[in-house]
1. Considering the range B:376-405 alone, what residues qualify as being surrounded by fewer than 21 Cβ atoms within 10 Å (Cβ to Cβ) and farther than 23 Å from B:ARG434 by Cβ?
2. Show the residue pairs meeting these rules: Cβ distance below 8 Å; 6+ apart or different chains; first residue within the range A:329-352 and closer than 22 Å to A:ILE245 by Cα; second residue open to solvent by less than 40 Å² (accessible area, probe 1.4 Å) and of a type in the set (D, E, K, R).
3. Please name all residue pairs, on different chains or six or more residues apart, with Cβ atoms under 6 Å, provided the first residue is in the range A:129-145 and is free of Cβ contacts under 8 Å to residues at least 12 places away in the same chain and the second residue is open to solvent by 50 Å² or more (accessible area, probe 1.4 Å).
4. Kindly evaluate B:VAL527 against the criterion of being within 25 Å of A:MET553 (Cβ to Cβ) and more than 13 Å from every other protein chain (Cβ to nearest Cβ).
5. For the range B:327-352, which positions are open to solvent by less than 30 Å² (accessible area, probe 1.4 Å), within 10 Å of chain A (Cβ to nearest Cβ) and in a loop (DSSP other than H, G, I, E, B)?
6. So B:ASP61 fits all but one of (1) of a type in the set (Asp, Glu); (2) out of contact with any strand residue (DSSP E or B) (no Cβ under 6 Å at 6 or more places or on another chain); (3) within 14 Å of chain A (Cβ to nearest Cβ); what number is the exception?
7. Do the conditions hold for B:LEU196, that is, is it assigned by TED's automatic domain parsing to the domain that holds B:LEU390, touching a residue at least 40 places away in the same chain (Cβ under 8 Å) and out of contact with any His (no Cβ under 9 Å at 6 or more places or on another chain)?
8. If I go through the range A:444-464 residue by residue, how many of them are under 29 Å from B:VAL458 (Cα atoms) and either open to solvent by 60 Å² or more (accessible area, probe 1.4 Å) or among the acidic types (Asp, Glu) (or both)?
Protein chains: 2
Amino acid sequence: MVKQTKQVLKIIPLGGQEEVGRNLTVFELGQDIVILDMGLQFPEEDMPGIDYIIPDIRYLDDKKRNIRGVILSHGHLDHIGAVPHLLPRLGWPHVFASKLTLFLLKRRLEEVNLGKYLKAHEIKSLDEELKLGSFNIKFFKVAHSIMDALGVVLQTPFGNVIHLGDWRYDLDPVKGKPTDFKHLAGLNTNKKPSLLMMESLGSTKEGHQLSESEVLMNIKNIIREAPGRIIVATFASMVERVGQIVFIAEEFGKKVALDGYSMKLNIEIAKKVGYLKFRQDVLIDIKNIQNYPSNKVIVVATGAQGEDRAALMRIASGEHRQIKIEKSDTVIFSSSVIPGNERTVQRLKDTLYRQGANVFHKEIMDVHGGGHALIEDIKLLIRQVKPKYLLPVYANHYLLREAGKVAESIGFPKENIFILDNGSLGLLDKKGFRVENKKVPVQYVFVDGLGVGDIGNVVLRDRQVLAKDGMFVIVAVVDRQTGKVKGSPDIISRGFIYLRESKDLLHQTRKKVIEIVDRAAGSGGAVNWSYIKDEIRNKIGAFFYAKTQRRPMILPVVIEV
Amino acid sequence: MVKQTKQVLKIIPLGGQEEVGRNLTVFELGQDIVILDMGLQFPEEDMPGIDYIIPDIRYLDDKKRNIRGVILSHGHLDHIGAVPHLLPRLGWPHVFASKLTLFLLKRRLEEVNLGKYLKAHEIKSLDEELKLGSFNIKFFKVAHSIMDALGVVLQTPFGNVIHLGDWRYDLDPVKGKPTDFKHLAGLNTNKKPSLLMMESLGSTKEGHQLSESEVLMNIKNIIREAPGRIIVATFASMVERVGQIVFIAEEFGKKVALDGYSMKLNIEIAKKVGYLKFRQDVLIDIKNIQNYPSNKVIVVATGAQGEDRAALMRIASGEHRQIKIEKSDTVIFSSSVIPGNERTVQRLKDTLYRQGANVFHKEIMDVHGGGHALIEDIKLLIRQVKPKYLLPVYANHYLLREAGKVAESIGFPKENIFILDNGSLGLLDKKGFRVENKKVPVQYVFVDGLGVGDIGNVVLRDRQVLAKDGMFVIVAVVDRQTGKVKGSPDIISRGFIYLRESKDLLHQTRKKVIEIVDRAAGSGGAVNWSYIKDEIRNKIGAFFYAKTQRRPMILPVVIEV
């Protein structure tokens, strides 16, 4: 079926920085390259102003002709979000994905007017097999927090690479059969080893991930008991959960108003592709909720992470046009808190409790189960798939190491567990799997507004300095003839001190600047302006620090007239 | 004992913003005021450059003469840290605290040369009673993560106010008797009601707080099994735990090197006051650890929160003078992650795992128990103390509400539970307890360097804007005679774009500025400079947004010559 060659399969995680490989993985076999996912990463707290980060694909720049296809595992932004940046740069290779994923992808491209360039192929059936160069590719169904997630099997002469993308077990599904990965063990009929690439975000969390049925049962009970209006806050990407809430509403004769641009679009798409079926009149426009008694209304809104402009935040802060919190309201946070958002979410909860709403969240009731596998799921997976090699991926390094320990704890041989980094070169050939010593260079590629990759460490460091103690611009006009400062230097400062209450400090600063310039320039002869600017920076900097223990960025401007 | 009056006891939480009353609470009975705690709060993520926040005590400004004493419950910074700012402003009222708390307080004052002003009284015995004006005050022992924590009973004509400060149960203590608060129920012999002020940080967490014995047993086992050096990272304030680790080291014949300025000082103080007893030769200087085989060395270091300059971070980043991580090292994170620090701690763990250390943390083993009570502890407390009124305090509003629900769940009457805010006026008199409608005004008082309260919302907002998209200063020199721009406008920009790679943008910007000025000023007649500056801000702002979708702060300077 696949030709035996002397080549080697290269596996290179290229995206995600901390969560290894999460956004993009390259598979290279001789002259053939297959890419899995093209997602984006959200910025860290020390990256002010950055919108998001995309994978560094310099490795592919002179190999564009070899790309046989791009496979997208599911429709979340950390797996498709970088497509508008990367596909054009790679010359629009073919994209392969499931129905919902492709719909979401098309929308993302159309938003930036790139939809017309897309060459896409929909994976319609799990029986479908692709031949992409010397790769033979099969798909399998994966449970995750969005519908239509696909796992991938890359069949190569050296064995099968099984990649689950983001995954969980749903052992008690709302509909359909419980998740089972046993069939993956049966793929290795040709005695070739199999290599399992396993997302490992939950590798330090005990037990099995909560079943979606249990979550929905809890939500249903809350909805049944609620005296008035219900507001469910969740991620726009939780398409399946939102769909189920619409079904519950139907059952109880309530109406659902969706609030949040992406949430509305996602549900619209899921309905269009046939994954959600409900009577159209269950959905009402948020503008019309006043026309219904409040105990007939469920609002499903974005903003459970405390995002500034999202629906729930506007509701809490009283800035929402249609909804003010009332004492009979029930608010359900059906989401987990993303690390880094804890304090914002705490404040959001404070505000809602203060307004008297009855609030349910994960801390006090199981109203959310994550999309990711936990320790017992990892054990079950390894026992079902029985791979020869295990590569934990898609999580912080320490979680990959912990996933390795989980595997060891059930007897998986330590020497067959490999932890890659972004840029690592994993090699699979007939001798087996190993990791090359050298790495492919990868760095953060920042997207800020229309700029891609133009923000480097210098600009970022400047932003951090500006944030900490603000800045101070001093404009001195110097008479070319006399070398003396004319008039009083102009001062512009932001984020440093409250200028109106610091007249004395400003007065002394002006005096010092005049002294510095006059001393250095007033003596006649050639004037070293960069020396003078350095002097102003250093002396005024030291003066400010002594007076305030703050270090604003000092920017001297000297103008000769 | 205490005179019966027609007065009312006012209870006013004044510090902590989100964690109600955590940093300072005022008790006022007629002409007598007693203050509990004077702590500081660490800033939120949206407060760049702020060092910390102190309580807003404007309410006390014209009541200084009435202050009969300041009681400090324990030595943590959120309870004593604002003392250097507030005691001087209040005319140095008397301070009452336990031995260790007073030592820590003195050190804090001496650091800023204020030690000599302190008027302090040490609470030497739990039998001691204080009469502060018309308050009769008793103390009781409280278990927390620092030794010598005191609970307070304020006896008033209207009943007893019981305040625990930060508390937990230690039902299986390393030494001494298990915690028991039953005796507090017996205080109300005169048929007056008692009011319990209860720290409620753990009100959404199931079960009892982990016993310190269990935590230490786990740490001991890790230390016993460790093949090489051990690095324990914890808070400098966890004096008791650090002391126990020194005992374990003694038992195993190992040496302990403390790393971190406050940690060393705290242990020194605890030893000096007699709370820690160990042979001095167990402690070694961090500089000398090379003189011992690595399996004989335990390093106890600060920095488990990923603090930038703390010991553990320097060890991880390879910047520590004496310690580089080796594969045989065992690192124990004996602390919980403070909300907001999650991602930093994840990155720190990544770095340590990457360097091959064997790492233990709370996620994978119980190597830390917090200093705060959980749901079952709260129930036990209420059952033991049997108060008439319950005021959950010292936590975010939603946690106070949840603490109230915990109390209700065991039959505590809802109408006797009161949730205060900072600035709320709680009133206790012979009719019972109630909350006044009006509030005392409170706002954030920021400390930034030497400035206290001089940073307001304007400066903070400027810092946020600067952080997001940087700033852009344009200096245009205009000829007074012609109204025309002379030469080319100067540009200074930081944090916006990388100037060297944006020559074309800068060229167009200069051209636009010249056009704007020339059009408005070049026509002769009176020139409206503030109009011109607005024009530059708006037009250049719109131009930048169109070109980059970024909104730097634009600061035009026009100089007439």
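The values are calculated or read from the model by the stated rules, or taken from the named source; none is laboratory data. Keep in mind that this is a model prediction, so the values were computed, not measured. Cβ coordinates were reconstructed from backbone atoms using ideal geometry, including for glycine residues, and neighbour counts include every protein chain displayed. We work out accessible area using only protein heavy atoms, side chains counted, and drop any ligands, DNA or RNA first. Shrake-Rupley method; radii C 1.70, N 1.55, O 1.52, S 1.80 Å.
1. Once the filter is applied, which keeps residues that are surrounded by fewer than 21 Cβ atoms within 10 Å (Cβ to Cβ) and farther than 23 Å from B:ARG434 by Cβ, the range B:376-405 yields B:GLU376, B:LYS379, B:LEU380, B:ARG383, B:GLN384.
2. Hits for this filter: A:ASP329/A:ARG229; A:THR330/A:ARG229; A:PHE333/A:LYS349; A:SER334/A:ARG241.
3. A:GLU129/A:LYS138
4. Details: within 25 Å of A:MET553 (Cβ to Cβ): no; more than 13 Å from every other protein chain (Cβ to nearest Cβ): yes.
Against the criterion (within 25 Å of A:MET553 (Cβ to Cβ) and more than 13 Å from every other protein chain (Cβ to nearest Cβ)), B:VAL527 does not qualify.
5. Taking the range B:327-352 and keeping what is open to solvent by less than 30 Å² (accessible area, probe 1.4 Å), we get B:329-335, B:340, B:345, B:348-350, B:352.
Those left that are additionally within 10 Å of chain A (Cβ to nearest Cβ): B:340, B:345, B:348-350, B:352.
B:GLY340 - this is the single residue of the range B:327-352 that is open to solvent by less than 30 Å² (accessible area, probe 1.4 Å), within 10 Å of chain A (Cβ to nearest Cβ) and in a loop (DSSP other than H, G, I, E, B).
6. Result: B:ASP61 passes all but (3).
7. On the way: assigned by TED's automatic domain parsing to the domain that holds B:LEU390: yes; touching a residue at least 40 places away in the same chain (Cβ under 8 Å): yes; out of contact with any His (no Cβ under 9 Å at 6 or more places or on another chain): no.
Judged against the criteria, B:LEU196 is not a match.
8. 7
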